[in-house]
Amino acid sequence: MKIKFSSIVVIAVMGLISGCQSMHIAEYGQFPTGTFMKATMLSGGIYPTAPNAKPVPTLFRVNGININDINVLPTNATGCFAMAEAVGNLSTERADYRLTTLSCLNNDGKTIIDESIKGFVVGADGKAGIPGHVLVHKIDAPPYVEANVEVKPGQTANLVMSESVKFQIKN
C-alpha cells in the first residue's frame, strides 16, 4: 500500500513472520531544490574575511520547512536544527553561510532526520548572507590589519536548499 501526503511518502509493507501478520511503516520524503527554512541563529560568531579562511560553524533552529508556503515538516518532528559554515565578506559587511546538515527530533527526543544538505542563508532583508559588524585588528605582519565580520545570535533568516535532499524518517 502506498499513500502520498505533502512531500512525505508512507510505504507500508505487509509480511508474515512465523505465521503472524505484521506491518512495517517507513516514511520517506524529499525536499526539492529551493525549499526554504525559516530559522533563528542560535550561535553567532566572528567570521574571518581572509581569502583562505577556515569557515566557522554556526547553529540555526529551524522554525518551519516550506515548499510554496506549505509547511512540510514531518508531523512527528518537534524540533529541527541546521548547521552551517560561514566566512566574512568585507565588501558586503555580511557573513556568507553554506548549509551542511539538517537534523530533526521527535517528541521523545530521538533523531528522526539527520541529513547532509547544501544551500545558503538569506538574511531578514532578503539578501544572501547575514549583515554584521566589521571588526579590524592590528597585527604584526603585513598587511598589518586583519578584518572579521561579527554577527550576533538571535537573528532570523531563511535557509535555502540549493540541491534536493531525499530522506528517510528514522523510527
Residues in segment 78-116 that are crowded, with 18+ Cβ neighbours inside 10 Å, of a type in the set (A, V, I, L, M) and modelled with pLDDT under 95 total 3
Could you please let me know if D96 is without any contact (Cβ under 8 Å) to a residue 24 or more places away in the chain and among the acidic types (D, E)?
-> no
Out of all the residues in segment 132-145, is one or more outside any strand (DSSP E or B), out of contact with any helix residue (DSSP H, G or I) (no Cβ under 7 Å at 6 or more places or on another chain), of a type outside the set (A, V, I, L, M) and closer than 15 Å to G45 by Cβ?
-> yes
Pairs with Cβ under 6 Å, 6+ apart, first in segment 150-171 and closer than 15 Å to R61 by Cα, second polar (S, T, N, Q) = P153/S43; T156/T40
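The values are calculated or read from the model by the stated rules, or taken from the named source; none is laboratory data. Note that this is a predicted model, so its numbers are computed, not measured. Every residue, glycine as well, gets a Cβ built from its backbone with ideal geometry; the counts of neighbours run over all protein chains shown.
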